[in-house]
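Student: After the structure tokens below, expect a handful of questions from me.
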Amino acid sequence: MSRTSTRFRTIMPSSGRAALGATIAGGVLSGLTAAPERVGRLFRRRFPTVAVTGMTGVGKTELANRLTRRTSGDGVGEVGSAVMERRTRRSRRLQGFRFLVVPGDNAATRLSALDEVFHDEPVDGIIHVVANGYATPRRVAGTSGQATASREEQLAAELEDWSITAHRIASMAVRRDRPIWLVIAVTKTDLYADELDDVVEYYSPGSGSPFGTKVDELRALAGGAKLSVDVLPVSSQGGDRTSAVSAKKAGAMVDALAVRLAQLSGHV
Ligand SMILES: Nc1nc2c(ncn2[C@@H]2O[C@H](COP(=O)(O)OP(=O)(O)O)[C@@H](O)[C@H]2O)c(=O)[nH]1
Ligand SMILES: [Mg+2]
């Protein structure tokens, strides 16, 4: 297998199906544990919903577009959309997803979007997007040229953004009787390909890093059996002459993420 699969970090539990089985085991639903999502879909007649969260400029829209096989530029707004973007991935035999991209900016629209995905119509899973401090800074209105923020500032902003989102995930998890899953998508890996292992470690539970510690806190709050956490590297771009990641490699990482989403949703 490619290097991608070895970098794939699954924290607990190792398979979505095992997680679901373990949580409901012994209960009245035990006959349904093999594919609870499939049963859920029968009742709800819809694709699993996935919230895509993360700070502005981190790469949420591009990743959602890649996952739904849109080409870049197809419906891509400016960096830092203020409205919730909706994308549907359609696959054979109804194995699709509905992605809800939550605006990263701290506008009123973000708060209502967070309410929608974590409270009003709670999602089945979350992709939280991070970029190792490489979020594209948003320009202040009325100025021109490249906005600047140091990597340290951007990492601090990622952490703050994650605190808010993690809190929302925790309160959704405690209200919920069925398990939910979280994938931390570490994107823009083309920009730091040589540091990939350390960066994936930084975002992982149990790493002792500032981010990892917050993931640990979330798991403690939500209850370990209720929330599975994966950390997966990805790149929405690649193949340019200057890129450290080939188009093929970038595609393989996006595909690996899609495969994992399907496993977590009981599609496979
Ligand atoms: N190098 C690189 N740039 C990316 C990647 N993903 C997104 N970007 C760029 O980062 C900027 C922000 O991406 P976008 O998806 O709009 O971020 P959002 O605000 O989180 O939706 C855009 O200029 C993208 O082209 C990636 O994987 N690698
Ligand atoms: Mg966006």
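Student: So which of VAL79, VAL130, VAL117, VAL102 is at pLDDT below 70, buried (at least 16 other Cβ atoms within 10 Å of the Cβ) and among the hydrophobic types (A, V, I, L, M, F, W, C)?
Tutor: After ruling out the rest, the residue left standing is VAL79.
Student: Pick from SER112, SER204: which is among the small types (Gly, Ala, Ser) and part of a loop (DSSP other than H, G, I, E, B)?
Tutor: SER204
Student: Of these, GLY239, GLY223, GLY251, GLY206, which one is closer than 13 Å to THR187 by Cα and not hydrophobic (A, V, I, L, M, F, W, C)?
Tutor: So the residue among GLY239, GLY223, GLY251, GLY206 that is closer than 13 Å to THR187 by Cα and not hydrophobic (A, V, I, L, M, F, W, C) is GLY251.
Student: Against the condition farther than 24 Å from ASP124 by Cβ and in a helix (DSSP H, G or I), how does GLY212 come out, does it pass? Walk me through it before giving the result.
Tutor: Working: farther than 24 Å from ASP124 by Cβ: yes; in a helix (DSSP H, G or I): yes.
The answer is yes for GLY212.
Student: For GLU195, which of the numbered conditions (1) touching a residue at least 60 places away in the same chain (Cβ under 8 Å); (2) closer than 26 Å to GLY266 by Cβ; (3) over 18 Å from the mean Cα position of the chain (by Cα) fails to hold?
Tutor: Here GLU195 meets the rest and fails (2).
The values are calculated or read from the model by the stated rules, or taken from the named source; none is laboratory data. Source: prediction; values computed, not measured. Ideal geometry is used to build each Cβ from the backbone, glycine not excepted, and the neighbour counts take in all protein chains shown.
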